[in-house]
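Asks: Dumping the structure here so I can ask a few things about it.
The values are calculated or read from the model by the stated rules, or taken from the named source; none is laboratory data. Predicted, not measured: the structure shown is a model, and the values here were computed from it. Here the Cβ positions follow ideal geometry from the backbone for every residue, glycine too, while neighbour counts run over all protein chains shown. Areas reflect the complete protein model, heavy atoms only, side chains present, ligands, DNA and RNA absent. Shrake-Rupley method; radii C 1.70, N 1.55, O 1.52, S 1.80 Å.
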2 protein chains.
Amino acid sequence: MTHSNIAAACQALSHLDLDTNPNVLRQKSRDFFWYSPVLKARLDEVCGDFVVSPRNEAEVIEVLRTCYAHDVAVTVRGAGTGNYGQAMPLAGGCVMHMQNMAQIKEISTGRVVVEPGCLLKDIDLACREESGQELRMISSTWSTATIGGYIAGGSGGIGSVHWGSLRDFGNILRIRVITMEKEPRVMDITGADMARVSHAYGTNGIITEIEMPLAPAYEWCDVFLAFDTFEDAMACADDVAHEDGILLKLASVFEAPTAHAYFKRVQPYVSAGTHLVGLMVAPQSMDGFLAFLEANAPSARLIYRSDQSDWARSPGHVFEYSWNHTTLRALKVDPSITYLQIRFAGDEKRAQVETMRRKFEGEVITHLEVTREHGRPIFTGLSMVKFTSEARLDEIVAAHEEIGAMIFNPHRYTLEEGGRQSTDERQLKFKAEADPKGLLNPGKMISWHDPDWTYDEMYSFPDMQQRRSS
Amino acid sequence: MTHSNIAAACQALSHLDLDTNPNVLRQKSRDFFWYSPVLKARLDEVCGDFVVSPRNEAEVIEVLRTCYAHDVAVTVRGAGTGNYGQAMPLAGGCVMHMQNMAQIKEISTGRVVVEPGCLLKDIDLACREESGQELRMISSTWSTATIGGYIAGGSGGIGSVHWGSLRDFGNILRIRVITMEKEPRVMDITGADMARVSHAYGTNGIITEIEMPLAPAYEWCDVFLAFDTFEDAMACADDVAHEDGILLKLASVFEAPTAHAYFKRVQPYVSAGTHLVGLMVAPQSMDGFLAFLEANAPSARLIYRSDQSDWARSPGHVFEYSWNHTTLRALKVDPSITYLQIRFAGDEKRAQVETMRRKFEGEVITHLEVTREHGRPIFTGLSMVKFTSEARLDEIVAAHEEIGAMIFNPHRYTLEEGGRQSTDERQLKFKAEADPKGLLNPGKMISWHDPDWTYDEMYSFPDMQQRRSS
Ligand SMILES: Cc1cc2nc3c(=O)[nH]c(=O)nc-3n(C[C@H](O)[C@H](O)[C@H](O)COP(=O)(O)OP(=O)(O)OC[C@H]3O[C@@H](n4cnc5c(N)ncnc54)[C@H](O)[C@@H]3O)c2cc1C
Ligand SMILES: Cc1cc2nc3c(=O)[nH]c(=O)nc-3n(C[C@H](O)[C@H](O)[C@H](O)COP(=O)(O)OP(=O)(O)OC[C@H]3O[C@@H](n4cnc5c(N)ncnc54)[C@H](O)[C@@H]3O)c2cc1C
């Protein structure tokens, strides 16, 4: 990809909504990669060469056809709230921004059809207003993130305690993708084929339409529970998620001192030693929930419920304390903080959490989200880590893996390293079909660039672009 | 309770909707106890002395006050579809029939308030029409049973694969009960107190109002899957219930030859060796469900889906093949058939089912309903038994208990023997408060009559009424 390639593509696309302003370029080339000091050190200079914002599917096709002809890389971008440098154009080239494709096309019972640039929030508000429904699950970046970025880069979130994760059968109904070939094809993908393009970081097709299942929208009651011991807090969140008759949308556990140190509006109601549980409970389940607490979690102190609050200042949505918003709030107070994403599952999950908590006391602050996996509640850990060095971070990762807790490493920018450290044959095969020149979001799928990679060290994309000296 | 007691009560209540016609009396004194040859032999002569059908709560109170004054027993009745002789007036006296209290009082998001005599079907139709909602769970006797009888006598049913059972926190929101005292009291019961009166067979209060949680109503897709091996059928129903993204309302497993021998409209599409799985799948989950089948249950043959059927005659609702309707259909073909209710749970549940299936081949025909218990799918067995003798039935029960499968014995008419064979202190305590004379549905709570009962043999109520020689 030379200057002249890029200039030619830019020229050919100049009638579209296209931007080459350096400030815009830099801003649209970044995401929340800086959560990770490891990625910050490696990706800070990454920058695309132009941003184009297609207004419809025809323009998406035109951009792909043109960039294919000129061998220009295309990295698609929703809102850029991803954490793994997912949306960052490692090789430069075209950043395709989906902001102009934000239409809600159809709402019906149990389903919604949208364009990829729709914000999660806008989908929810429209579905609620029109039909009393909402998305089954959302990212905690609900108010800023797009559905396209969520499907292509996210994993689950608020709602996963009930519905499992995005990758589970039935949690995405249909994805329409455009391939990057001489003549781009339009493909509607459903069922098992979904795994080929969902959570593929836009490496094997551009999503232009999405059909999602809907759940009923309730006036969810936001709840905070305070505990004196972490064990009680963890047990309560886990146990209530096992109550089939109590409808939850969120169950989070925050080890002390998270609530006191990082949750400003919660601080007046807790002490440094308080372990916090955050919940979203369906209003019709509140009575059952209180009965559960009385019977099974007598040590819980109900310090906040949004439907009957006497707090001087509202804490806002409880879900904006959860998932990666926990890290965000901590980071604002203590810039040394980063995080790890961990899977604690099976009968030993509580014991595993305790083992890690004890081992890294003061260095790792435990944060758990209860999520469902194959019919059972498990813990998705997004524990906060006080960063000292990459070597130490690797030690912490290794310690988790040793006891059987799987790490989804947010300090890596490739699909494989952020996932299960193995080739996803379905995604790789589909990339060969849909992106024969390997121009879509280059550097994110190791198996495409280096099929024999062994994961002994961090992958380093050889074609990583250095800031163009213009 | 003498003739003159009864005559006096009748006289005092004669301005109400009261009936003493012997045919009506006999009919309103029976339920589906005859499913059990054991109960049939013992309860066939049971008959009340008069039937009264209160039109509102004030009349319920009047009946209770009057019968209390005259020491007349009161056994409340919904539609009489219970299986344990639950609604049968063992000591005679007053049968209080709730047919005139069938109002739907309020439908709101997530909730409905109804009178106890409402049919489940009527609640669902009204909620669907007014708000696109329906009950979380229903009995397979949906079209004939009342909500009061379901709460007081039922356990769960269609919907339990998602929501657990009626007794779980949050699956009943509020019950209003009237006590049987000199001056009856009206009590609104919520939360943990619910366990005192729900599933108490009307032994400690008359329910006059019920508030239930609602779920979204979908055009559920009815599905039948055919399998050549029982193992595959059982595994498929169990596995699909573990898919958090696939919304189910029912997952039933019918061992061969159930489908061929007892399901007339299904028969043309199966052979004697076919093991059948019946499912209700949310329409938005059908794609995910088909993807699941392809990936995880390749031996399944999809022989019926209600949204795309080419069957000459519709089989009707799949749920009317499930739960105790399976037994009902079998009974119509083979009158020797009765059933057992069994809990197969834990990691060994499939192995337990297989052990019993092999041990009683040809004698017990396995029928499983997947239900949720504390966050995990388990099997509620309603296996059919070719009855030979009470002794043999007891042997079959014992064999199940030996391998750790709990039996809820439908061949007993008491709460304890149909349940966990132990005193429910909450129910007993509440009876002392609410029914000091012990006049409500006498003979159904052993701990009231004989606190030291040891469950070595079948309980026999000493005051069992013999047909009054008038
Ligand atoms: C504070 C915070 C909290 C978060 N909480 C959660 C959470 O709860 N759950 C969760 O899953 N994630 C979470 N994330 C990660 C991220 O916000 C979500 O995944 C979010 O939905 C991404 O949406 P986006 O529009 O910002 O996507 P982007 O970051 O712009 O893109 C994400 C990926 O999707 C690709 N992509 C975008 N649009 C398309 C398209 N149309 N076709 C093909 N590929 C496309 C991009 O190339 C990129 O690889 C969080 C991040 C932060 C910073
Ligand atoms: C074919 C068949 C299928 C069935 N399937 C299921 C199933 O799927 N799930 C299930 O749980 N059960 C099932 N049952 C059992 C039974 O049908 C249900 O429990 C049903 O809901 C009972 O309702 P009913 O109106 O017929 O109650 P009844 O049989 O009239 O009464 C049941 C009990 O409730 C008490 N009662 C009734 N009304 C009141 C009141 N207002 N206040 C206090 N107590 C009251 C009665 O005294 C009695 O003890 C089935 C039975 C049959 C015959």
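Asks: Sort out which residues of segment B:270-301 are assigned to a helix (DSSP H, G or I) and within 30 Å of the chain's Cα centre (by Cα), and write them in order of number.
Replies: First pass over segment B:270-301, keeping only residues assigned to a helix (DSSP H, G or I): B:283-296.
Listed by number, the residues that qualify are B:283, B:284, B:285, B:286, B:289.
Asks: Before we move on, is residue B:164 touching a residue at least 60 places away in the same chain (Cβ under 8 Å), within 12 Å of another protein chain (Cβ to nearest Cβ) and more than 8 Å from ligand 2 (Cβ to nearest atom)? Steps first, please.
Replies: On the way: touching a residue at least 60 places away in the same chain (Cβ under 8 Å): yes; within 12 Å of another protein chain (Cβ to nearest Cβ): yes; more than 8 Å from ligand 2 (Cβ to nearest atom): yes.
The answer is yes for residue B:164.
Asks: Still on this model: Consider residue B:280 against the criteria (1) within 26 Å of residue B:243 (Cα to Cα); (2) open to solvent by 40 Å² or more (accessible area, probe 1.4 Å); (3) in contact with a helix residue (DSSP H, G or I) (Cβ under 9 Å, 6 or more places away or on another chain): it satisfies all of them except one. Which criterion is unmet?
Replies: If we test residue B:280 against (1) within 26 Å of residue B:243 (Cα to Cα); (2) open to solvent by 40 Å² or more (accessible area, probe 1.4 Å); (3) in contact with a helix residue (DSSP H, G or I) (Cβ under 9 Å, 6 or more places away or on another chain), just (2) comes out false.
Asks: Checking residue A:155 against (1) in a loop (DSSP other than H, G, I, E, B); (2) away from chain B (no Cβ under 14 Å), only one condition comes out false. Which one?
Replies: (2)
Asks: Would you confirm, using the coordinates I've provided, whether residue A:239 is within 14 Å of another protein chain (Cβ to nearest Cβ) and either under 30 Å from residue A:440 (Cβ atoms) or surrounded by fewer than 21 Cβ atoms within 10 Å (Cβ to Cβ) (or both)?
Replies: Spelling it out, residue A:239 is indeed within 14 Å of another protein chain (Cβ to nearest Cβ) and either under 30 Å from residue A:440 (Cβ atoms) or surrounded by fewer than 21 Cβ atoms within 10 Å (Cβ to Cβ) (or both).
Asks: Of B:4, B:36, B:53, which residue is more than 16 Å from ligand 1 (Cβ to nearest atom) and either crowded, with 23+ Cβ neighbours inside 10 Å or within 14 Å of chain A (Cβ to nearest Cβ) (or both)?
Replies: Values: B:4 fails: either crowded, with 23+ Cβ neighbours inside 10 Å or within 14 Å of chain A (Cβ to nearest Cβ) (or both); B:53 fails: either crowded, with 23+ Cβ neighbours inside 10 Å or within 14 Å of chain A (Cβ to nearest Cβ) (or both).
Only one candidate qualifies: B:36.
Asks: Ok, one more. Determine whether segment A:152-169 contains at least one residue that is of a type in the set (Lys, Arg), open to solvent by 20 Å² or more (accessible area, probe 1.4 Å) and within 13 Å of ligand 1 (Cβ to nearest atom).
Replies: Going through segment A:152-169, the residues of a type in the set (Lys, Arg) turn out to be A:167.
Now drop any that are not open to solvent by 20 Å² or more (accessible area, probe 1.4 Å), which leaves A:167.
Those left that are additionally within 13 Å of ligand 1 (Cβ to nearest atom): A:167.
Checked against the condition, which is being of a type in the set (Lys, Arg), open to solvent by 20 Å² or more (accessible area, probe 1.4 Å) and within 13 Å of ligand 1 (Cβ to nearest atom), segment A:152-169 yields at least one hit.
Asks: Which numbered condition in (1) away from ligand 1 (no atom under 16 Å from the Cβ); (2) under 23 Å from residue B:109 (Cβ atoms) is the only one that residue A:301 fails?
Replies: Here residue A:301 clears every test but (2).
Asks: For residues in segment A:74-113 being within 9 Å of ligand 1 (Cβ to nearest atom) and among the small types (Gly, Ala, Ser), which is farthest from residue A:443 (Cα to Cα)?
Replies: Looking at residues that are within 9 Å of ligand 1 (Cβ to nearest atom) and among the small types (Gly, Ala, Ser), I get A:79.
Asks: Determine which single condition residue B:73 fails, assuming it passes every other condition in (1) near ligand 2 (Cβ under 9 Å from one of its atoms); (2) under 28 Å from residue B:420 (Cα atoms).
Replies: (1)
Asks: Then there's this: How many residues, within segment A:384-398, are touching a residue at least 60 places away in the same chain (Cβ under 8 Å) and crowded, with 17+ Cβ neighbours inside 10 Å?
Replies: The total comes to 3.
Asks: Going by the conditions given, is residue A:429 open to solvent by 30 Å² or more (accessible area, probe 1.4 Å) and modelled with pLDDT of 95 or more?
Replies: Here the answer is no, as residue A:429 does not meet what is asked.
Asks: Given (1) within 14 Å of another protein chain (Cβ to nearest Cβ); (2) under 21 Å from the mean Cα position of the chain (by Cα); (3) open to solvent by less than 20 Å² (accessible area, probe 1.4 Å); (4) touching a residue at least 40 places away in the same chain (Cβ under 8 Å), where does residue A:175 come up short, assuming only one miss?
Replies: For residue A:175, the failing item is (4).
Asks: Moving on to the next point. Might you let me know whether segment B:61-71 holds any residue that is aliphatic (A, V, I, L, M) and in contact with a Phe, Trp or Tyr (Cβ under 9 Å, 6 or more places away or on another chain)? Walk me through how you get there before you give the answer.
Replies: Initial filter on segment B:61-71 (aliphatic (A, V, I, L, M)): B:61, B:63-64, B:69.
Keeping just the survivors that are in contact with a Phe, Trp or Tyr (Cβ under 9 Å, 6 or more places away or on another chain) gives none.
The answer is no; no qualifying residue exists.
Asks: So residue B:195 clears everything in (1) within 11 Å of ligand 2 (Cβ to nearest atom); (2) modelled with pLDDT under 95; (3) over 14 Å from the mean Cα position of the chain (by Cα) except one condition, right? Which one?
Replies: Condition not satisfied by residue B:195: (1).
Asks: Follow-up question, since we're still on this one. Every residue in segment A:114-149 that is surrounded by fewer than 23 Cβ atoms within 10 Å (Cβ to Cβ), hydroxyl-bearing (Ser, Thr, Tyr) and either within 12 Å of ligand 1 (Cβ to nearest atom) or more than 24 Å from residue B:109 (Cβ to Cβ) (or both), please.
Replies: Answer for segment A:114-149, where residues must be surrounded by fewer than 23 Cβ atoms within 10 Å (Cβ to Cβ), hydroxyl-bearing (Ser, Thr, Tyr) and either within 12 Å of ligand 1 (Cβ to nearest atom) or more than 24 Å from residue B:109 (Cβ to Cβ) (or both): A:143, A:144.
Asks: OK, next. Out of B:250, B:214, B:225, which single residue is within 14 Å of chain A (Cβ to nearest Cβ), open to solvent by less than 10 Å² (accessible area, probe 1.4 Å) and either under 26 Å from residue B:149 (Cα atoms) or assigned to a strand (DSSP E or B) (or both)?
Replies: Values: B:250 fails: within 14 Å of chain A (Cβ to nearest Cβ); B:225 fails: within 14 Å of chain A (Cβ to nearest Cβ).
Testing whether each residue is within 14 Å of chain A (Cβ to nearest Cβ), open to solvent by less than 10 Å² (accessible area, probe 1.4 Å) and either under 26 Å from residue B:149 (Cα atoms) or assigned to a strand (DSSP E or B) (or both) leaves just B:214.
Asks: Quick check on residue B:202: is it of a type in the set (Gly, Ala, Ser), more than 20 Å from residue B:317 (Cα to Cα), within 14 Å of another protein chain (Cβ to nearest Cβ) and crowded, with 20+ Cβ neighbours inside 10 Å? Walk me through how you get there before you give the answer.
Replies: On the way: of a type in the set (Gly, Ala, Ser): yes; more than 20 Å from residue B:317 (Cα to Cα): yes; within 14 Å of another protein chain (Cβ to nearest Cβ): no; crowded, with 20+ Cβ neighbours inside 10 Å: yes.
No: the conditions fail for residue B:202.
Asks: Shifting gears a bit: Exactly one of these conditions fails for residue A:270: (1) closer than 16 Å to residue A:158 by Cβ; (2) among the β-branched types (Val, Ile, Thr); (3) away from every other protein chain (no Cβ under 14 Å). Give me its number.
Replies: (1)
Asks: Mind listing whichever residues of segment A:91-113 are of a type outside the set (A, V, I, L, M, F, W, C), open to solvent by less than 30 Å² (accessible area, probe 1.4 Å) and within 29 Å of residue A:437 (Cβ to Cβ)?
Replies: Here is the first cut: in segment A:91-113, the ones of a type outside the set (A, V, I, L, M, F, W, C) are A:92-93, A:97, A:99-100, A:103, A:105-106, A:108-111.
Next, from what is left, pick out any that are open to solvent by less than 30 Å² (accessible area, probe 1.4 Å): A:92-93, A:97, A:110.
Residues satisfying the conditions are A:92, A:93, A:97.
Asks: So residue B:58 passes all but one of these: (1) in contact (Cβ under 8 Å) with a residue 24 or more places away in the chain; (2) more than 26 Å from residue B:338 (Cα to Cα); (3) not basic (Lys, Arg). Which condition number does it fail?
Replies: Tallying (1) in contact (Cβ under 8 Å) with a residue 24 or more places away in the chain; (2) more than 26 Å from residue B:338 (Cα to Cα); (3) not basic (Lys, Arg), residue B:58 fails exactly one: (1).
Asks: Checking residue B:192 against (1) crowded, with 24+ Cβ neighbours inside 10 Å; (2) within 7 Å of another protein chain (Cβ to nearest Cβ), which test does it fail?
Replies: (1)
Asks: Something else about it: Is it the case, given these coordinates, that residue B:244 is within 14 Å of another protein chain (Cβ to nearest Cβ) and assigned to a loop (DSSP other than H, G, I, E, B)? Give the steps one after another, and end with the answer.
Replies: Values: within 14 Å of another protein chain (Cβ to nearest Cβ): yes; assigned to a loop (DSSP other than H, G, I, E, B): yes.
Yes, satisfied.
Asks: Another question about this same structure. Which residue, of B:219, B:209, B:255, B:231, is under 30 Å from residue A:134 (Cβ atoms) and open to solvent by 10 Å² or more (accessible area, probe 1.4 Å)? Steps first, answer last, please.
Replies: On the way: B:209 fails: under 30 Å from residue A:134 (Cβ atoms); B:255 fails: under 30 Å from residue A:134 (Cβ atoms); B:231 fails: under 30 Å from residue A:134 (Cβ atoms).
Only one candidate passes the filter, namely B:219.
Asks: If residue A:463 satisfies all but one of (1) open to solvent by 70 Å² or more (accessible area, probe 1.4 Å); (2) closer than 20 Å to residue A:195 by Cβ; (3) part of a loop (DSSP other than H, G, I, E, B), what's the number of the condition it fails?
Replies: With respect to (1) open to solvent by 70 Å² or more (accessible area, probe 1.4 Å); (2) closer than 20 Å to residue A:195 by Cβ; (3) part of a loop (DSSP other than H, G, I, E, B), residue A:463 is out only on (2).
Asks: Would you call residue B:338 of a type outside the set (D, E, K, R), outside any helix (DSSP H, G or I) and open to solvent by 50 Å² or more (accessible area, probe 1.4 Å)? Talk me through it step by step, then tell me what you get.
Replies: Details: of a type outside the set (D, E, K, R): yes; outside any helix (DSSP H, G or I): yes; open to solvent by 50 Å² or more (accessible area, probe 1.4 Å): no.
The answer is no for residue B:338.
Asks: So, one more: Can you report the number of residues in segment A:62-87 which are crowded, with 20+ Cβ neighbours inside 10 Å and more than 18 Å from the chain's Cα centre (by Cα)? Can you show your working first?
Replies: Residues of segment A:62-87 that are crowded, with 20+ Cβ neighbours inside 10 Å, as a first pass: A:63-64, A:66-68, A:70, A:72-87.
If we keep only those that are more than 18 Å from the chain's Cα centre (by Cα) too, we end up with A:63-64, A:66-68, A:70, A:72-74.
So the answer is 9.
Asks: Look through segment B:304-319, keep the residues that are open to solvent by 40 Å² or more (accessible area, probe 1.4 Å) and under 31 Å from the mean Cα position of the chain (by Cα), and return whichever of them is nearest to residue B:340 (Cα to Cα).
Replies: Looking only at segment B:304-319, we keep the residues that are open to solvent by 40 Å² or more (accessible area, probe 1.4 Å), and these are B:306-310, B:312-314, B:317.
From the residues that got through so far, the ones that are under 31 Å from the mean Cα position of the chain (by Cα) too are B:306-307, B:309, B:313-314, B:317.
Working: B:306: 30, B:307: 33, B:309: 33, B:313: 31, B:314: 29, B:317: 23 Å.
Among those residues, the one meeting the criterion is B:317.
Asks: Among B:74, B:46, B:38, which is the only one that is touching a residue at least 24 places away in the same chain (Cβ under 8 Å) and closer than 21 Å to residue B:179 by Cα? Give the steps one after another, and end with the answer.
Replies: On the way: B:46 fails: closer than 21 Å to residue B:179 by Cα; B:38 fails: closer than 21 Å to residue B:179 by Cα.
The unique qualifying residue is B:74.
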